Amino acid sequence: MKIATLVFSLAACFVTCAANPVFVTSDPNGGWSEGGYYVHNNMWNSRKYNPCTSTLYASSHANWHVVTRMNNKTGDGAVKTYPNVHRDYRSLAIESFDSLTSAFAETSPHVGIYNVAYDIWINGIAKPGCTEIMIWNENFKQVPGGRYVQDVTFGDQTYKVYKRASSGYIAFVAITNFTSGTVNLLDIMKWTMAKGWLSSTSTVNQICFGVEMVSTDDADARFEVSAFSIDAKLRTKPGGISGR
């Protein structure tokens, strides 16, 4: 009886939290800091497209959703928004990590054109000389930039790898969509370094997880993140002092 009451209480709490978010914004650059993370509406490329709307509702960094509307009537396939949750790092060397994984769970409406993906910024954030590594966990009618290079497997997931020669853009696109799980980010970064695409002194600046949106077929659509975390452990320096 006590267990049933507890389960009911947790379910009621989840519904209440989802119905009564702590933070709401329709600001194209609106965002909220919570628990060491930042939840961001991030309508970075929306101004020249109409309609293009997005409202972010957040109860925590691991429980948030957006209701958004846009279309691809221009036919250019442009990504218009990337609502996301992210954590910033102070240029931590990739080699300083002993492990770096991330767990997530999401739900998407399967309308329009979009991909649900990690967006990792290496050696800076959106500036000359930096590298953007994307990991597409779910793809709905979207096409990555760059050219196909090869397939690669990490754990139980196989990805098609795309690379843009003219810029620091690399995309790992899951062959089989998955909407929840744990991704070993460090393994992917080290594989990229082994290919010679990143230097051995490369640093992590930001790790994001969200939805790159091209179209919702001109109707309101809801995209939800119901779990998200990053688990990072740094190597221990000689003498037993943590690298943090």
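What the table below lists for this structure:
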read-out	value
Number of the condition not met by R47 [criteria: (1) touching a residue at least 24 places away in the same chain (Cβ under 8 Å); (2) open to solvent by 20 Å² or more (accessible area, probe 1.4 Å)]	(1)
Residue within segment 194-203 that is open to solvent by less than 20 Å² (accessible area, probe 1.4 Å), assigned to a strand (DSSP E or B) and out of contact with any His (no Cβ under 6 Å at 6 or more places or on another chain) present	no
Flag for V111 being under 24 Å from K73 (Cα atoms) and either of a type in the set (F, W, Y) or over 18 Å from the mean Cα position of the chain (by Cα) (or both)	yes
Single residue of segment 212-239 satisfying the filter (outside any strand (DSSP E or B), in contact (Cβ under 8 Å) with a residue 24 or more places away in the chain and not polar (S, T, N, Q)) that is farthest from K48 (Cα to Cα)	R235
Selected residue [without any contact (Cβ under 8 Å) to a residue 60 or more places away in the chain, in a loop (DSSP other than H, G, I, E, B) and over 18 Å from the mean Cα position of the chain (by Cα)] from P144, P128	P128
Pick from segment 132-169, criterion aliphatic (A, V, I, L, M) and over 18 Å from M213 (Cα atoms), ranking: surrounded by the fewest Cβ atoms within 10 Å (Cβ to Cβ)	A165
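The values are calculated or read from the model by the stated rules, or taken from the named source; none is laboratory data. Bear in mind the structure is a predicted one, so any value in this text is a computation, not a measurement. All Cβ positions, glycine included, derive from the backbone under ideal geometry; neighbour counts span all protein chains shown. Please note that ligands, DNA and RNA were not included when accessible areas were found on the heavy atoms of the full protein model with its side chains. Shrake-Rupley method; radii C 1.70, N 1.55, O 1.52, S 1.80 Å.
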